[in-house]
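S.K.: Mind having a look at this structure? Questions to follow.
The values are calculated or read from the model by the stated rules, or taken from the named source; none is laboratory data. Since we're looking at a predicted model, the values are computed, not measured. A quick note on method: Cβ atoms are made from the backbone with ideal geometry, for glycine too, and the neighbour counts reach across all protein chains shown. What goes into the accessible areas is simple: the full protein's heavy atoms, side chains included, and nothing from ligands, DNA or RNA. Shrake-Rupley method; radii C 1.70, N 1.55, O 1.52, S 1.80 Å.
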Amino acid sequence: MSSKSGLPYHIRATTNPHPVARKLFAVAERKKSNLIISADLTDTKSLLECADELGPFISVFKTHIDIIHDFGDETVRGLKSLARKHDFLIFEDRKFVDIGSTAQKQYHGGALRISEWADIVNVSLLGGDGVVNALGQVITDETFPYRGQRALLLLAEMTTAGSLAVEKYTERCVAVARKNGIAAGVMGFVATRGLEDVGNEPGVERDEDEDFVVFTTGINSSQSDNVLGQKYQTPEAAIRGGSDFIIAGRGIYASEDRVQAAKQYQAEGWAAYVARIGPGHY
C-alpha cells in the first residue's frame, strides 16, 4: 500500500509510526518470515498444537476464535505463552462490523476476551467507520492495559468470488485509514494487493510518509480456487503485487507434513520479498 513497501523490514521496524507494525516488522526480520498461518481449527488442543508446531516458521498466528468449541482460560494462556515462546504475533480474524458500542463490548470483555490476547484484529466498514473510532477509543485509552500493543486492520478486499469489498468500498477503507490512521490504532489493511493505486476521496490527503501494512489472504502454492468460491494466489504473486505478509491456511495445516509445508511457504514468501526490495539488502 505504501511508498515504503520497497524498503527492507528492518528499516520499517524503526520508522513505521505504529508500535505494533514496528514490532511485526522486527519479528519478520528476525525470523526471515512474512508468513501468517490461518489456523481454522475447532478445539483448543488442536489450535495450540498447531501454534507450537508451526510457530518457529511464522510471523503471525491467525485465529477464528469463535469456532473453538472449548474456548477458555487454557486457550488464552496457551496462545499468549506460545507467542512468547516462538516470537510471533496473534491476529484474531474477527471482522468487527457492528455499531460502535457493541463492537467495544465484543472486543474488550465478553466471552472471548479478545483484547487480552490478540495483538491485531480486523474491522469491516460495511456499517460505516464508526466501528473504527469505537475500537480506537478502547485501544488508545490511557487506562487500557494493552495500550500501544494492539492494532486494527481494515478489511479492504476479500478473496471470495463475488465479494462486494471492491471499488468504492476499498477506496473508502483507504480514505478512513488516512483520516483516522494511528490515532485510531489503524495499522493497515487486509487486501489482495498493495493499494497505492487507489484514489483519494475528496478532501483526504495522502501522506507521502505513510506506511500501512498489507496482509493478503488466500495464499496457496498449488490451487487457484476451490468449490466454495475461494480465490488463491501464490506467495510470489502476492508479495510482487504489494503484500507485506501472506496468509496461508489449508495449504499448510491440512497437508501431510505441515512443518515442511510451512517451511516451503516461508521460503517462497521471503524469497519474493527479497526480490522485491533487491537482494543487495541481504
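S.K.: In percent, what relative contact order does the chain have, based on Cα pairs under 8 Å that are 6 or more apart in sequence?
M.R.: Details: 549 pairs, mean separation 57.6, N = 282.
Once normalised by length, the contact order is 20 percent.
S.K.: Give me the net charge for the shell around ILE239: Cβ to Cβ below 13 angstrom, other residues only, Lys and Arg +1, Asp and Glu -1. Numbers along the way, then the final one.
M.R.: Details: positive: ARG193, ARG240, ARG276; negative: GLU236, ASP244, GLU268.
For residues surrounding ILE239, the net value is 0.
S.K.: Here's another thing I want to ask about it. Within region 1-45, list the residues whose amide N lies under 15 Å from a label point set 7 Å along Cα→Cβ of LYS85.
M.R.: From region 1-45, the list is 44-45.
S.K.: Take the alpha carbon atoms of the chain, find their radius of gyration, then divide it by 2.2 N^0.38 Å using N residues; give the quotient.
M.R.: On the way: Rg = 17.5 Å, N = 282, 2.2 N^0.38 = 18.8 Å.
Expressed relative to 2.2 N^0.38 Å, the Cα Rg reads 0.93.
S.K.: Rounded to the nearest 5, what % of DSSP beta bridges with both residues in the chain are antiparallel?
M.R.: Beta bridges within the chain, antiparallel portion: roughly 5 percent.
S.K.: What is the spin-label model distance, in nm, from HIS69 to LEU126 if the labels are put 7 Å beyond Cα along the C-beta direction?
M.R.: About 2.6 nm, to one decimal.
S.K.: Then there is this: How much space per residue, in cubic angstrom, does the convex hull of the C-alpha atoms of region 1-88 take up? Before the final figure, lay out each step's value.
M.R.: On the way: hull volume 9.0 nm³, N = 88.
Once divided by residue count, the hull of region 1-88 is 102 Å³.
S.K.: If you don't mind, another one. Alpha carbon centre of region 241-282 versus region 11-26: separation in Å?
M.R.: A separation of 20 Å, based on Cα centres.
S.K.: Applying the Karplus parametrisation 6.51 cos²θ - 1.76 cosθ + 1.60 with θ = phi - 60° to the phi angles of region 64-76, what ³J(HN,Hα) value in whole Hz is obtained for each residue in order, glycine and proline being reported as x?
M.R.: Residue by residue, region 64-76 yields 10, 5, 6, 9, 7, 6, 10, 4, x, 4, 4, 4, 5 Hz.
S.K.: So for LYS62, LYS168, what's the accessible-area order with a 1.4 Å probe, most first?
M.R.: Values: LYS62 10, LYS168 150 Å².
Ranked from most to least accessible, the order is LYS168, LYS62.
S.K.: Which value at 222 nm does the chain reach when only helices count, each DSSP H run of 4 or more adding -39,500 (n - 2.57), with the total divided by all residues and rounded to the nearest 500 deg cm²/dmol? Let's see the in-between values first.
M.R.: Details: 11 runs with 111 residues, N = 282.
My calculation for the chain gives -11500 deg cm²/dmol from helical runs alone.
S.K.: A follow-up question, please. Find how much the distance from ASP52 to GLU205 grows on full extension, using 0.36 nm per residue of separation minus their present alpha carbon separation; answer in nm with one decimal.
M.R.: Values: separation 153, 0.36 × 153 = 55.08 nm, distance 4.32 nm.
Net length gain for the segment: 50.8 nm.
S.K.: Which whole-Hz ³J(HN,Hα) couplings does region 242-248 yield from phi under the Karplus relation 6.51 cos²θ - 1.76 cosθ + 1.60, θ = phi - 60°, glycine and proline marked x?
M.R.: The phi angles translate into x, 5, 9, 9, 10, 10, 10 Hz.
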